[in-house]
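Single-structure report; data block below.
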Amino acid sequence: MSVMKQIAILGSTGSIGRQTLEVIRALPHQFQVVGLTGGKNIDLFGKQINEFKPRFVYFQDGEALTRLSSTKYEFLTLEDIACHPEVDIVVIATSGGSGLSPTLAAARAGKNIALANKESLVMAGEIITSEARLNRAQIFPIDSEHSAIWQCLNGERQPVARLLLTASGGPFLHYSPAQLSEVTVEQALKHPSWQMGKKVTIDSATLMNKGLEVIEAHWLFDMPFDNIEVLIHPQSIVHSMVEFVDGSIKAQLSYPDMRLPIQYALSYPERLPNPQLARLDWSTIKNLTFGQPDLAIFPCLRSAVEAGRQGGTYPAVLCAADEVAVELFLANKIKFIDIARIVGQALEQHQSTPHPTLEEIIAADSWAREKVLQLVGGA
Ligand code: MG
């Protein structure tokens, strides 16, 4: 007899949140939604509440929600929902730095955390992983690359030699510096293989996303930076690979569909059949190619890996500076190539604190946001 897992989703109106609800809708006997939180999209959030009837709810504008939904629920904070005793798995699908505090709360409460938010591990990987170890919380990665590595590692006991993180390369893979300087917001938002939120899509176009994923992999799998390699794989079929000490390599493959890693994080250690997930049709796959990323064209990747290596508060500055720079680009206030330049300058001017406390991380985050606005204002 299987018991329904009780799921809370933080950030249910975003891309990952909506796809998590699609998985739950497709597997109604496996999962039940007990908590939902949203930030801006009140219409969609109201619909989600009426459909899934969660017991715990948070919305930024609580009053607007009361006017919209007739369903009964308890209004709690993100942190309270993340560590509520009735929640079996908390899905952290908020974007940017807002995921940090609830992720930490869930780690301290020893919860099962299905983690889609990159920034929390990048900014505070040392604190979150040590709290998770101490309180026996488990982190199930939702990011497709980390899910792939996790799936390759399952059942293995031998040491790992290298993690090979694949990257599609984004829409501007073969662009020249001159072409890159003329890129528009519309072009940057057209990702060749993945359906994602705006922030992640821009981060994929700059390869910042892959840099954040290298730092995330470092913390999730306790792997030195020297043993993590990024490979450009435009087909997005091989989601990442693990090389073992004997030279053997395992890979995880599927069509690029975030619902698969989301479902695996929810169903782990089981695998469930879901008719909505397409199977690979090998007759349509002509080739799978792999190449080295061009760090001169995509300096964000270099900056991110360097910030990860240096540690301290550099990764927090990286995340915050990038978040503001991407917002400015989306608002047509800066050019695409300015994102890398501004993030690089913020990192250069930062005085890092080694082994920072949460307060020091949050202070570095605020410092970086101010710094970016200053740099842009003075440009
Ligand atoms: Mg990814």
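The values are calculated or read from the model by the stated rules, or taken from the named source; none is laboratory data. The model shown is predicted, which means the values in this text are computed figures rather than measured ones. Note that we place each Cβ from the backbone using ideal geometry, even for glycine, and neighbour counts take in every protein chain shown. All accessible areas refer to the heavy atoms of the entire protein, side chains included, with ligands and DNA or RNA removed. Shrake-Rupley method; radii C 1.70, N 1.55, O 1.52, S 1.80 Å.
Worth pointing out:
- Filtered residue count, region 70-107, keeping only those that are open to solvent by 60 Å² or more (accessible area, probe 1.4 Å) and among the small types (Gly, Ala, Ser): 3
- Region 150-168, subset more than 15 Å from the ligand (Cβ to nearest atom) and of a type in the set (Gly, Ala, Ser), residue farthest from residue 313 (Cα to Cα): 155
- Residues of region 211-228 satisfying the condition of being closer than 19 Å to residue 159 by Cβ and either within 11 Å of the ligand (Cβ to nearest atom) or not assigned by TED's automatic domain parsing to the domain that holds residue 183 (or both): 217
- Test: residue in region 189-206 that is assigned to a helix (DSSP H, G or I) and out of contact with any Leu (no Cβ under 9 Å at 6 or more places or on another chain): yes
- Residue pairs meeting the criteria (Cβ under 7 Å; at least 6 apart or on separate chains; first closer than 21 Å to residue 87 by Cβ and of a type in the set (Lys, Arg), in region 125-150; second more than 15 Å from the ligand (Cβ to nearest atom) and assigned to a loop (DSSP other than H, G, I, E, B)): 136/110
- Candidate set: region 128-149, residues that are under 18 Å from the mean Cα position of the chain (by Cα) and open to solvent by 30 Å² or more (accessible area, probe 1.4 Å); chosen: the one nearest to the ligand (Cβ to nearest atom): 139
- Within region 246-299, being β-branched (Val, Ile, Thr), at pLDDT 95 or above and surrounded by fewer than 19 Cβ atoms within 10 Å (Cβ to Cβ) holds for 249, 289.
- Residue selected from region 169-210 under the condition among the basic types (Lys, Arg) and within 16 Å of the ligand (Cβ to nearest atom), by the criterion surrounded by the fewest Cβ atoms within 10 Å (Cβ to Cβ): 198
- Note on region 210-232: residues that are under 19 Å from the mean Cα position of the chain (by Cα) and assigned to a loop (DSSP other than H, G, I, E, B) total 3.
- If you go through region 233-244 and pick out every residue that is more than 12 Å from the ligand (Cβ to nearest atom), open to solvent by less than 20 Å² (accessible area, probe 1.4 Å) and part of a strand (DSSP E or B), you end up with 3.
Residues checked against (1) part of a loop (DSSP other than H, G, I, E, B); (2) over 30 Å from residue 113 (Cα atoms):
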{"site": "270", "(1), (2)": "yes, no"}
{"site": "275", "(1), (2)": "yes, no"}
{"site": "280", "(1), (2)": "yes, no"}
{"site": "294", "(1), (2)": "yes, yes"}
{"site": "300", "(1), (2)": "no, no"}
{"site": "304", "(1), (2)": "no, no"}
{"site": "309", "(1), (2)": "no, no"}
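- Scanning region 236-252 for residues being under 16 Å from residue 290 (Cα atoms) and either in contact (Cβ under 8 Å) with a residue 60 or more places away in the chain or not assigned by TED's automatic domain parsing to the domain that holds residue 161 (or both) gives a total of 11.
- Check on residue 319, under 21 Å from residue 97 (Cα atoms), assigned by TED's automatic domain parsing to the domain that holds residue 239, part of a helix (DSSP H, G or I) and at pLDDT 95 or above: no
- Looking at region 51-162, the strands (runs of 3 or more DSSP E) lying wholly inside it that each contain 1 or more residues that are closer than 17 Å to residue 215 by Cβ sit at 89-92, 112-115, 138-141.
- Residue match in region 268-290 (condition: touching a residue at least 12 places away in the same chain (Cβ under 8 Å) and within 14 Å of the ligand (Cβ to nearest atom)): no
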